[in-house]
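Here the structure is laid out as structure tokens; the discussion comes afterwards.
The values are calculated or read from the model by the stated rules, or taken from the named source; none is laboratory data. No experiment lies behind these values; they were computed from the predicted model shown. Every residue, glycine as well, gets a Cβ built from its backbone with ideal geometry; the counts of neighbours run over all protein chains shown. Accessible surface is based on the protein model in full, side chains and every heavy atom, while ligands, DNA and RNA are left aside. Shrake-Rupley method; radii C 1.70, N 1.55, O 1.52, S 1.80 Å.
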Amino acid sequence: MRIISIANQKGGVGKTTTAINLSSALAHFGKKVLLVDFDPQGNAGRGLGIDINSLTQTVYDAVIGDADLSHLVKETNEENLYLLPSNLKLASLDTYFLSNNIEKPFFALREILSKIRDQYDFIIIDCPPSLGLLNINALVASDSVIIPVQCEYFAMEAVAAILASINKIKTDYNPDLRIEGFLLTMYDSRTSLGTEIAQQVRGLFKENTFSISIPRNISIPEASARGYSVTSWRPSAQGSMAYFSLAREVIDHEEN
Ligand SMILES: Nc1ncnc2c1ncn2[C@@H]1O[C@H](COP(=O)(O)OP(=O)(O)OP(=O)(O)O)[C@@H](O)[C@H]1O
Ligand SMILES: [Mg+2]
């Protein structure tokens, strides 16, 4: 079993899309998967068609110790795929920890996930676009991290920042944290910028870059808008096939 964060403090690089579709593809291959939405934007839940604003309790209540996880985990419309939802309330976690003098604020998510990790083959955590408390909690709770890199301007600056953050967390809190891999997202081989960034990433992080790149594919936002993973809504779409390959690579890491 493995807990994997999908992290990059840069916004809009494909974290949530990867979290949803990797989770769905793993579930499709028979793995039991819990997708943890750890972003106050709640896009992982929304993307799976869950009305997050109507929820009275979310991952926030579990993390502050007010709710039993088993009551919060939701079934999705996909077999083997479960969701621990989030909404805007999660943005107040900093304030809650500060005002209640919580001693180990960075270990809160790790503590709750440690109680249920044996029930799943994979727990995938969708991180917010920041390097704050929520991101640290996710990385402290994880065995490894996938870093989506959008083939766009300033991609490498973002990679440098997330690597520095990962190293700090390894030193201070979670020495076993590994990089599962860099993942090229929204890749378009027809643009020179796209191929240039892809070459840079593969050049720098050869062993650590997934062989598959996720292509830019209109079926991906179309599926999200309908509340489905693309892998379940249109399994033969280019984007779906890429996420199935990614899931295969992730499963192979476990077996080797
Ligand atoms: N491969 C793709 N092809 C086409 N559109 C994509 C692809 N990947 C992501 N998108 C779209 O790009 C936008 C940003 O993607 P996503 O929400 O996954 O990024 P994010 O890193 O989670 O963003 P945030 O930092 O706000 O959490 C979304 O509208 C999504 O549908
Ligand atoms: Mg997101």
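Structure values in brief
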{"item": "Looking only at segment 1-16, and only at residues there that are more than 8 Å from ligand 2 (Cβ to nearest atom) and β-branched (Val, Ile, Thr), the one that is nearest to residue 133 (Cα to Cα)", "result": "6"}
{"item": "Count of segment 211-225 residues which are within 12 Å of ligand 1 (Cβ to nearest atom), in a loop (DSSP other than H, G, I, E, B) and surrounded by fewer than 17 Cβ atoms within 10 Å (Cβ to Cβ)", "result": "1"}
{"item": "Meets criteria (open to solvent by less than 40 Å² (accessible area, probe 1.4 Å) and modelled with pLDDT of 95 or more) for residue 120", "result": "yes"}
{"item": "Residue 187, sole failed condition from (1) open to solvent by 50 Å² or more (accessible area, probe 1.4 Å); (2) within 14 Å of ligand 1 (Cβ to nearest atom); (3) out of contact with any Gly (no Cβ under 7 Å at 6 or more places or on another chain)", "result": "(3)"}
{"item": "Residue within segment 119-132 that is away from ligand 1 (no atom under 16 Å from the Cβ), out of contact with any strand residue (DSSP E or B) (no Cβ under 9 Å at 6 or more places or on another chain) and not hydroxyl-bearing (Ser, Thr, Tyr) present", "result": "no"}
{"item": "Complete set of residues in segment 172-200 that are in a loop (DSSP other than H, G, I, E, B) and within 21 Å of residue 3 (Cα to Cα)", "result": "173, 174, 175, 176, 177"}
{"item": "Lone qualifier among 245, 142, 219, 240 - being closer than 13 Å to residue 21 by Cα and touching a Ser or Thr at 6+ places or on another chain (Cβ under 6 Å)", "result": "240"}
{"item": "Within segment 180-224, tally of residues that are modelled with pLDDT under 95 and small (Gly, Ala, Ser)", "result": "5"}
{"item": "Selection count, segment 228-256, where residues are among the polar types (S, T, N, Q) and more than 19 Å from the chain's Cα centre (by Cα)", "result": "3"}
{"item": "Condition check for residue 47: within 12 Å of ligand 2 (Cβ to nearest atom) and more than 11 Å from the chain's Cα centre (by Cα)", "result": "yes"}
{"item": "Segment 176-201, residues that are within 21 Å of the chain's Cα centre (by Cα) and without any contact (Cβ under 8 Å) to a residue 40 or more places away in the chain", "result": "176, 177, 178, 179, 182, 184, 187"}
{"item": "Hits in segment 216-237 - residues which are away from ligand 2 (no atom under 16 Å from the Cβ) and over 17 Å from residue 15 (Cβ atoms)", "result": "218, 219, 222, 226, 228, 232, 233, 234, 235, 236, 237"}
{"item": "Test for residue 231: is it touching a Pro at 6+ places or on another chain (Cβ under 8 Å) and open to solvent by less than 40 Å² (accessible area, probe 1.4 Å)", "result": "no"}
